[in-house]
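**Student:** The structure is given below, and queries will be raised subsequently.
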Amino acid sequence: MNTIELLKIASENKASDIFIIAGLPLSYKANGILQSVSAEKMMPVDTENMIKEIYDLAGKRSMKKLTEIGDDDFSFAIQGLSRFRVSTYKQRGSYAAVVRVISFNLPSPDVLGIPASIIKLADFAKGMVLVTGPAGSGKSTTLACMVDYINRTQKKHIITLEDPLEFLHRHEQSIVSQREIATDTESYLIALRAALRQSPDVILLGEMRDYETIQTAMTAAETGHLILSSLHTIGAANTIDRIIDVFEPTQQRQIAIQLSTVLQAVVSQQLVPAVNGSLIPVFEVMTLTPAIRNMIRDNKVPQIDGLVYASSSESMISMDNNLLALYKKGVITAQTALQYASNAEMLKRKLG
């Protein structure tokens with residue numbers, strides 16, 4: 001089987017990821033379940049040949065980074081099929097790859113199960129909106145839907161900084177400048193600093209990876225820009241703690257004050273199995289009220305979870321209350337609700 005055939009099979013079966021690893025058959029993941037494409041196990045020479053084909057498909061990209069460092073990330077597209085985000089790496093001395101399948105057309109939030117109240121968080125004129133969750137939970141898709149919403153409804157200059165590019169946005173009401181780290185610019189930090197001189201209204205920062213990038217992003221949010229970004233955290237309080245803990249203890253007080261001013265909302269999401277066999281997103285939403293801003297400023301972050309848990313408005317809903325609502329609608333099982341809950345004991349009492 002050649003690479004094009006594999007990519008077609010994965011796309012047709014609505015796979016999220018393809019796995020090319022020596023010692024295993026070619027596999028893909030659909031609805032969170034791994035499936036083999038064939039029974040034949042791949043040898044190291046097979047994976048190397050297939051990965052070379054992928055580099056050729058990606059505009060004859062050089063394999064130098066993979067061979068010298070052992071890791072490489074990039075994206076490419078095949079006309080009429082799909083876009084693909086590739087992570088190649090060495091394992092046990094052989095080449096391996098995981099390929100994310102990305103549709104050319106961004107599905108509507110309704111189809112994806114993203115509430116309009118989350119998409120409309122992109123209406124903030126300035127400040128910072130964070131989408132958080134574990135790897136593979138759909139953070140990039142939610143952020144792309146927010147960018148698409150701004151693009152269709154507002155006249156703005158949107159700059160996206162991504163590693164690598166996933167969804168491609170056409171210019172509609174807005175101008176959308178999409179920059180890929182390592183291809184169009186050296187790093188998130190350099191691109192973010194440059195973006196501030198490029199008259200942006202909105203900056204999508206694919207990921208906040210270090211304190212310098214976080215600090216620059218907060219400064220950008222302070223100076224009248226809307227920053228959309230992601231973190232690998234679950235829960236609003238955990239997200240705030242993670243940002244503050246990145247900094248030196250001597251800086252943390254000042255950062256907490258700054259964060260309490262610029263942060264507008266935190267969305268945490270997970271993908272959970274539904275009773276119909278599909279994966280559906282579940283969200284926790286925290287929008288910054290005066291009370292929450294005071295909690296961040298006064299180092300009372302642990303109290304935030306209780307405040308979110310006690311609320312039931314669209315602008316403030318906990319992960320567990322969302323899971324409970326889906327269970328009551330018959331969308332997920334009680335076991336699934338408890339498995340993905342933040343406080344399983346408390347949710348168990350609510351489930352009866």
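**Student:** For the range 217-243, how many residues are over 18 Å from D163 (Cα atoms) and either of a type in the set (A, V, I, L, M, F, W, C) or assigned to a helix (DSSP H, G or I) (or both)?
**Tutor:** Residues in the range 217-243 being over 18 Å from D163 (Cα atoms) and either of a type in the set (A, V, I, L, M, F, W, C) or assigned to a helix (DSSP H, G or I) (or both): 15 in total.
**Student:** Among the candidates K52, K90, which residue alone is part of a helix (DSSP H, G or I), free of Cβ contacts under 8 Å to residues at least 60 places away in the same chain and either under 26 Å from V147 (Cα atoms) or among the basic types (K, R) (or both)?
**Tutor:** Being part of a helix (DSSP H, G or I), free of Cβ contacts under 8 Å to residues at least 60 places away in the same chain and either under 26 Å from V147 (Cα atoms) or among the basic types (K, R) (or both) holds for just one of K52, K90, which is K52.
**Student:** If a residue must be of a type outside the set (F, W, Y), farther than 25 Å from Q258 by Cβ and surrounded by 15 or more Cβ atoms within 10 Å (Cβ to Cβ), how many such residues does the range 312-342 contain?
**Tutor:** 18
**Student:** Continuing with this model, one more query. Could you pull out the residue among S27, S16 that is surrounded by 13 or more Cβ atoms within 10 Å (Cβ to Cβ), at pLDDT below 95, polar (S, T, N, Q) and under 30 Å from N276 (Cβ atoms)?
**Tutor:** Among S27, S16, only S16 is surrounded by 13 or more Cβ atoms within 10 Å (Cβ to Cβ), at pLDDT below 95, polar (S, T, N, Q) and under 30 Å from N276 (Cβ atoms).
**Student:** Determine if the range 251-265 includes at least one residue that is of a type outside the set (V, I, T), outside any strand (DSSP E or B) and either in contact with a strand residue (DSSP E or B) (Cβ under 6 Å, 6 or more places away or on another chain) or at positive phi (or both).
**Tutor:** no
**Student:** Next question, about the same structure. Tell me, which helices (runs of 4 or more DSSP H) lie completely within the range 111-195 with 1 or more residues that are under 26 Å from P273 (Cα atoms) and out of contact with any Ser or Thr (no Cβ under 9 Å at 6 or more places or on another chain)?
**Tutor:** Fully inside the range 111-195 and qualifying: 116-119, 139-153.
**Student:** A further question follows. Which pairs turn up if I take residues in the range 98-114 that are on the phi < 0 side of the Ramachandran plot and touching a residue at least 40 places away in the same chain (Cβ under 8 Å) and look for partners that are assigned to a loop (DSSP other than H, G, I, E, B) and surrounded by 13 or more Cβ atoms within 10 Å (Cβ to Cβ) with beta carbon separation below 6 Å, at least 6 apart in sequence or on another chain?
**Tutor:** V101/A15; I102/E166; L106/F167
**Student:** Here are the criteria: (1) outside any helix (DSSP H, G or I); (2) in contact (Cβ under 8 Å) with a residue 60 or more places away in the chain. Tell me which single one A39 does not satisfy.
**Tutor:** Just one mismatch for A39, condition (2).
**Student:** If P302 satisfies all but one of (1) farther than 21 Å from A337 by Cβ; (2) surrounded by 18 or more Cβ atoms within 10 Å (Cβ to Cβ), what's the number of the condition it fails?
**Tutor:** P302 satisfies every listed condition except (2).
**Student:** Look through the range 292-325, keep the residues that are of a type in the set (D, E) and not in a helix (DSSP H, G or I), and return whichever of them is farthest from Q252 (Cα to Cα).
**Tutor:** E314
**Student:** Can you find a residue that is over 18 Å from the mean Cα position of the chain (by Cα), surrounded by 18 or more Cβ atoms within 10 Å (Cβ to Cβ) and either modelled with pLDDT of 95 or more or under 19 Å from L205 (Cα atoms) (or both) anywhere in the range 232-242?
**Tutor:** Among the residues of the range 232-242, not one is over 18 Å from the mean Cα position of the chain (by Cα), surrounded by 18 or more Cβ atoms within 10 Å (Cβ to Cβ) and either modelled with pLDDT of 95 or more or under 19 Å from L205 (Cα atoms) (or both), which makes the answer no.
**Student:** Would you pick out the residues in the range 194-221 that are of a type outside the set (A, V, I, L, M, F, W, C) and in contact (Cβ under 8 Å) with a residue 60 or more places away in the chain?
**Tutor:** G206
**Student:** If you don't mind, another one. Do the conditions hold for D110, that is, is it surrounded by fewer than 20 Cβ atoms within 10 Å (Cβ to Cβ) and either among the charged types (D, E, K, R) or touching a helix residue (DSSP H, G or I) at 6+ places or on another chain (Cβ under 7 Å) (or both)?
**Tutor:** Answer is yes for this residue.
**Student:** Taking the stated definitions as given, is I181 touching a helix residue (DSSP H, G or I) at 6+ places or on another chain (Cβ under 8 Å), farther than 16 Å from A125 by Cα and aliphatic (A, V, I, L, M)?
**Tutor:** For I181, the condition - touching a helix residue (DSSP H, G or I) at 6+ places or on another chain (Cβ under 8 Å), farther than 16 Å from A125 by Cα and aliphatic (A, V, I, L, M) - is met.
**Student:** Given the criterion touching a helix residue (DSSP H, G or I) at 6+ places or on another chain (Cβ under 7 Å) and either within 16 Å of L165 (Cα to Cα) or at pLDDT below 95 (or both), identify the matching residue among R85, R61, R92.
**Tutor:** R61
**Student:** If the Cβ limit is 6 Å and pairs must be 6+ apart or interchain, which residue in the range 171-191 that is modelled with pLDDT of 90 or more pairs with which residue that is surrounded by 13 or more Cβ atoms within 10 Å (Cβ to Cβ) and of a type in the set (F, W, Y)?
**Tutor:** none
The values are calculated or read from the model by the stated rules, or taken from the named source; none is laboratory data. Just so we're clear, the structure is a prediction, and the values are computed from it rather than from any experiment. Note: ideal-geometry Cβ built from the backbone for every residue, glycine included; neighbour counts use all protein chains shown.
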